[in-house]
Protein chains: 2
Amino acid sequence: MTTVQQSWIESANDGVTHFPLQNLPYGIFSPNGQGPRVGVAIGDFILDLSVLDEAGLLPACVKGVFGGATLNAFIALGKPAWTETRQRLTSMLAADDTTLHPKSALHEQALVPMAWATLHLPVDIPGYTDFYSSREHATNVGRMFRDPDNALLPNWLEIPIGYNGRASSVVVSGTELRRPKGQIKPPNAPRPVFTACQKLDYELEMAFIVGKPSTLGEPVSTAAAAGHMFGMVILNDWSARDIQQWEYVPLGPFNSKGFGTSISPWVVTMDALEPFRRDNPVQSPEPLAYLQQPERNAYDIALEVSLRPEGAAQATTVCRTNFKAMYWTMVQQLAHHTVSGCNVRVGDLMGSGTISGTTPDSYGSLLELTRNGAEPLTLADGSKRGFLEDGDEVVMAGWCQGDGYRVGFGEVAGKILPAL
Amino acid sequence: MTTVQQSWIESANDGVTHFPLQNLPYGIFSPNGQGPRVGVAIGDFILDLSVLDEAGLLPACVKGVFGGATLNAFIALGKPAWTETRQRLTSMLAADDTTLHPKSALHEQALVPMAWATLHLPVDIPGYTDFYSSREHATNVGRMFRDPDNALLPNWLEIPIGYNGRASSVVVSGTELRRPKGQIKPPNAPRPVFTACQKLDYELEMAFIVGKPSTLGEPVSTAAAAGHMFGMVILNDWSARDIQQWEYVPLGPFNSKGFGTSISPWVVTMDALEPFRRDNPVQSPEPLAYLQQPERNAYDIALEVSLRPEGAAQATTVCRTNFKAMYWTMVQQLAHHTVSGCNVRVGDLMGSGTISGTTPDSYGSLLELTRNGAEPLTLADGSKRGFLEDGDEVVMAGWCQGDGYRVGFGEVAGKILPAL
């Protein structure tokens, strides 16, 4: 039996917290009444890295990068700085360490109860790309909107299909979003109408954050791609299905997606995810050479989506799935993105695409779960949902299950406000 | 007969310069061996605003914003600061002004010959959106790639169609770009091949730069949209047609566009363009209410594209057209972009889409000029072009013709390097 390394912070050791000593995800938070700074989640607390830095307890190479409103300055320092900081924090929070334990003035200043803090968008995102890498999702969507017999388009098995998303409207978990208005074309009407979206949906995704930039004109190989990733978050790609259906030909989704995208506040590092690498999915046909990957690049991340109507006593879990089922890996996505010479920058957000499994309870969107609204779900309070109603709150959670501990992402939550 | 207001800088008064007293576009430049700062083009010179600011000659509201490597800090100050600065510069450069004339130490420091300066990307671009607003271009493309009899898709006359572009690879005029590689699907092959693009093209576009941000969830009306625009540039949306054709369904162009987009270095302000407003194009059907525009929002901007093979003595002009022919206006583009609640930010770049007129010599891409390569152009040196070859330089220029003067954009130039 493996012994799990413990922290002197009790709430980090219960085996179910998302934030044990093995995780140490980075985020941006404001303690009560103070400005934003970098923190690390540990059990029910946030460790204030700007305080530790001022106290001279962090590596010299990260001096001064933790006092700002984004993680970008830290991330830009590169992998040696990430590794050294992780080692220092792991050691400082381990059960036998006395730097911050027992209680001292520094301890009081550096450890903030999570409940007292406001969490912010963790990174300044210079570019947001969204992929479409679940074979089950692409098949389900193709079946409904295109040809049931040829649901998967011919390019899908060759290309990790992706498109440029809108970075300006990426928001942190907890941000309420207004139901969008837009052009919707009723099937038999001669012209579209301008109205509030009637088919508002979520999409369950994961996303990675670029940690190492690339140069314009120089592709990143699959062998090098993992080295360009800093960490991951959960992403909710809110989608207006009726707006999308009318607008998306020929240049892709635009207003149907651009009104908001939510991400979880804690960036879980690739280092923390390392034990959860799994074999790559079988790909047939064998991908073109530039997409072949030498390493195991799938990750075992359990995911759940729940929905809570306004005022309902409890949320209903509507989806359970796993990130490891994705057809195209993140490494393949990044290699494809840059193979044309397109450069990536520190903080770029790369969404996976909706994560759907093979069984109906593992579909990552209401579109798929309710067959475009035709088969509504019944929630715990007895109400039915084809698509989202005003006041609905969607919560997505994800974690890697270790032996006696979890490396978790926390959650990304968002509530729908009525249209203006 | 109108008397044109003159400057004491002789080269600004010749009637054909792009940079007379009436223009005063902003850019970022490095004088010989010094760091980047904000300048204004005037005749053959650049006026160094950081020097004028230090000398106390600019309005107090712009103090300190001209020493940086982007225009964003200045733009973010808003319209009153733009107007006051323009008035001050107009007065300082007018023929009868003695602030910098005759020559003095300050004059020597503040006026840099354009030939001695390096020009940089003028703005930090948090988001790049590209529209598709020329009816002729959309029709030409639809005819070749979809249905010759129904070339215009049903949504085109209702929506100013646009998509999110890739901001990381927007570069300034003069940057050489490498021919991209990617997946290309030969018509009768069972699978795509990975190879260098064989159908490399340019697209002639204009773009506006957002000067006033909007709030997530709050649409910008057509009446308010013009107030959110700072200025305009010429944009070359380089396109890999063979990669595009295979990848673009269903999420739109991605690698076929993301390898590079070039813009002209001087941002011509909306104030300078004001005399060149024209009547809006006739739109039928009448747009939905949120797209109706109270003002005249078309602009009369003459545009030219020329192509010069490597080592050729002269360039060949391959296109002459005008921006005023665009079907959807910039005001409609911005109103549509934000009607879902999507927010815009200072520095956002919004491309018009390829600008094609009604006659073949006014088409804004080689795809259209050569009918997808089937009818090659003959250049001045006798060589033929279906698409771009390695070493080709594409130069786009644009100007508004006033009565005795031009308000010009200069040019955006780019040369193609061989694939890696």
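Could you look through region A:178-205, keep only residues that are touching a residue at least 12 places away in the same chain (Cβ under 8 Å) and at the interface with chain B (Cβ under 7 Å from one of its Cβ atoms), and pick out the one that is surrounded by the fewest Cβ atoms within 10 Å (Cβ to Cβ)?
Here is the first cut: in region A:178-205, the residues touching a residue at least 12 places away in the same chain (Cβ under 8 Å) are A:178-185, A:192, A:194-205.
Filter again for at the interface with chain B (Cβ under 7 Å from one of its Cβ atoms), leaving A:178, A:180-183, A:192, A:194.
Values: A:Arg178: 19, A:Pro180: 26, A:Lys181: 21, A:Gly182: 27, A:Gln183: 24, A:Pro192: 20, A:Phe194: 14.
In this case the residue turns out to be A:Phe194.
Can you tell me which of (1) at pLDDT 95 or above; (2) open to solvent by 30 Å² or more (accessible area, probe 1.4 Å) is the one A:Asn343 doesn't meet?
(2)
Matching residues to (1) within 14 Å of chain B (Cβ to nearest Cβ); (2) surrounded by 20 or more Cβ atoms within 10 Å (Cβ to Cβ); (3) touching a Pro at 6+ places or on another chain (Cβ under 8 Å):
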position: A:Pro59; (1), (2), (3): no, no, no
position: A:Thr70; (1), (2), (3): yes, no, yes
position: A:Pro80; (1), (2), (3): no, no, no
position: A:Thr85; (1), (2), (3): no, yes, yes
position: A:Phe131; (1), (2), (3): yes, yes, yes
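Would you mind listing the strands (runs of 3 or more DSSP E) fully within region B:309-420 where at least 2 residues are free of Cβ contacts under 8 Å to residues at least 60 places away in the same chain and touching a helix residue (DSSP H, G or I) at 6+ places or on another chain (Cβ under 9 Å)?
Ranges flagged: B:316-322.
Only one of (1) more than 10 Å from every other protein chain (Cβ to nearest Cβ); (2) not in a loop (DSSP other than H, G, I, E, B) fails for A:Gln293. Which number is that?
Among (1) more than 10 Å from every other protein chain (Cβ to nearest Cβ); (2) not in a loop (DSSP other than H, G, I, E, B), the lone unmet condition for A:Gln293 is (2).
Is it the case that some residue within region A:348-356 is modelled with pLDDT of 95 or more, in the same structural domain as A:Thr261 (by the TED database) and open to solvent by 10 Å² or more (accessible area, probe 1.4 Å)? First the steps, then the outcome.
Taking region A:348-356 as the starting set, the residues that turn out to be modelled with pLDDT of 95 or more are A:348-356.
From what's left, in the same structural domain as A:Thr261 (by the TED database): A:348-356.
Retained after the next criterion (residues that are open to solvent by 10 Å² or more (accessible area, probe 1.4 Å)): none.
No, because not a single residue in region A:348-356 is modelled with pLDDT of 95 or more, in the same structural domain as A:Thr261 (by the TED database) and open to solvent by 10 Å² or more (accessible area, probe 1.4 Å).
Could you list all residues from region A:2-48 that are on the phi > 0 side of the Ramachandran plot and either surrounded by fewer than 21 Cβ atoms within 10 Å (Cβ to Cβ) or in contact with a Phe, Trp or Tyr (Cβ under 8 Å, 6 or more places away or on another chain) (or both)?
A:Gly15, A:Gly33, A:Gly43, listed by residue number.
I'm trying to understand the selection: among the residues of region B:272-290, which are acidic (Asp, Glu) and either more than 12 Å from chain A (Cβ to nearest Cβ) or buried (at least 16 other Cβ atoms within 10 Å of the Cβ) (or both)? First the steps, then the outcome.
The initial filter retains those residues of region B:272-290 that are acidic (Asp, Glu), namely B:274, B:279, B:286.
Within region B:272-290, B:Glu274, B:Asp279 meet the criteria.
Quick one: in region A:291-309, of everything that is under 30 Å from A:Arg385 (Cβ atoms) and among the aliphatic types (A, V, I, L, M), which residue is most open to solvent (accessible area, probe 1.4 Å)?
Applying the filter and picking the extreme gives A:Ala302.
Name the residues in region A:78-105 that are in contact with a helix residue (DSSP H, G or I) (Cβ under 6 Å, 6 or more places away or on another chain) and among the hydrophobic types (A, V, I, L, M, F, W, C), would you?
Passing the criteria: A:Ala81, A:Leu100.
Which ones in region B:151-170 are among the hydrophobic types (A, V, I, L, M, F, W, C) and facing chain A (nearest Cβ under 7 Å)?
Start the filter on region B:151-170 by keeping residues that are among the hydrophobic types (A, V, I, L, M, F, W, C), which leaves B:151-153, B:156-157, B:159, B:161, B:167, B:170.
Answer for region B:151-170, where residues must be among the hydrophobic types (A, V, I, L, M, F, W, C) and facing chain A (nearest Cβ under 7 Å): B:Leu153, B:Ile159, B:Ile161, B:Ala167.
Quick one: would you say B:Pro275 is part of a loop (DSSP other than H, G, I, E, B) and not polar (S, T, N, Q)? It would help to see each step written out before you state the result.
On the way: part of a loop (DSSP other than H, G, I, E, B): no; not polar (S, T, N, Q): yes.
When the stated conditions are applied, B:Pro275 does not pass them.
Which of the following residues is surrounded by fewer than 24 Cβ atoms within 10 Å (Cβ to Cβ) and among the aliphatic types (A, V, I, L, M): B:Val318, B:Val331? Steps first, please.
Numbers: B:Val331 fails: surrounded by fewer than 24 Cβ atoms within 10 Å (Cβ to Cβ).
Of B:Val318, B:Val331, the one residue that is surrounded by fewer than 24 Cβ atoms within 10 Å (Cβ to Cβ) and among the aliphatic types (A, V, I, L, M) is B:Val318.
Name the residue, out of B:Thr338, B:Thr316, that is at pLDDT 95 or above and either farther than 30 Å from A:Ala167 by Cα or more than 12 Å from chain A (Cβ to nearest Cβ) (or both). Break it down stepwise before answering.
On the way: B:Thr338 fails: either farther than 30 Å from A:Ala167 by Cα or more than 12 Å from chain A (Cβ to nearest Cβ) (or both).
Residue meeting the stated conditions: B:Thr316.
Answer yes or no: is there a residue in region B:380-388 that is open to solvent by less than 50 Å² (accessible area, probe 1.4 Å), of a type in the set (Asp, Glu) and either touching a strand residue (DSSP E or B) at 6+ places or on another chain (Cβ under 9 Å) or under 19 Å from B:Arg241 (Cα atoms) (or both).
No, region B:380-388 has no match at all.
Taking the residues in region A:232-271 that are of a type in the set (Ser, Thr, Tyr) and away from chain B (no Cβ under 14 Å) as candidates, determine which candidate is surrounded by the fewest Cβ atoms within 10 Å (Cβ to Cβ). It would help to see each step written out before you state the result.
Pass one, region A:232-271, residues of a type in the set (Ser, Thr, Tyr): A:239, A:248, A:256, A:261-262, A:264, A:269.
From what's left, away from chain B (no Cβ under 14 Å): A:264, A:269.
Details: A:Ser264: 29, A:Thr269: 23.
Going through the qualifying residues, I end up with A:Thr269.
Select from region B:206-226 the residues that are buried (at least 23 other Cβ atoms within 10 Å of the Cβ) and away from chain A (no Cβ under 14 Å) and write down the one among them that is farthest from the chain's Cα centre (by Cα).
Taking the candidates together, the pick is B:Ala225.
Regarding B:Gly43, is this residue more than 15 Å from B:Gln87 (Cα to Cα), of a type in the set (Gly, Ala, Ser) and touching a Lys or Arg at 6+ places or on another chain (Cβ under 8 Å)? Full working, then the answer.
Details: more than 15 Å from B:Gln87 (Cα to Cα): yes; of a type in the set (Gly, Ala, Ser): yes; touching a Lys or Arg at 6+ places or on another chain (Cβ under 8 Å): no.
For B:Gly43, the condition - more than 15 Å from B:Gln87 (Cα to Cα), of a type in the set (Gly, Ala, Ser) and touching a Lys or Arg at 6+ places or on another chain (Cβ under 8 Å) - is not met.
Quick one: in region A:140-150, which of the residues that are within 13 Å of chain B (Cβ to nearest Cβ) and not charged (D, E, K, R) is most open to solvent (accessible area, probe 1.4 Å)?
A:Asn150
Checking B:Lys103 against (1) over 26 Å from the mean Cα position of the chain (by Cα); (2) within 14 Å of another protein chain (Cβ to nearest Cβ); (3) charged (D, E, K, R), which test does it fail?
(2)
The values are calculated or read from the model by the stated rules, or taken from the named source; none is laboratory data. Fair warning: this is a prediction, and the values are worked out from it, not measured in the lab. Here Cβ is always computed from backbone atoms with ideal geometry, including for glycine, and neighbour counts include all displayed protein chains. For accessibility, only protein heavy atoms count, side chains too; no ligands or nucleic acids. Shrake-Rupley method; radii C 1.70, N 1.55, O 1.52, S 1.80 Å.
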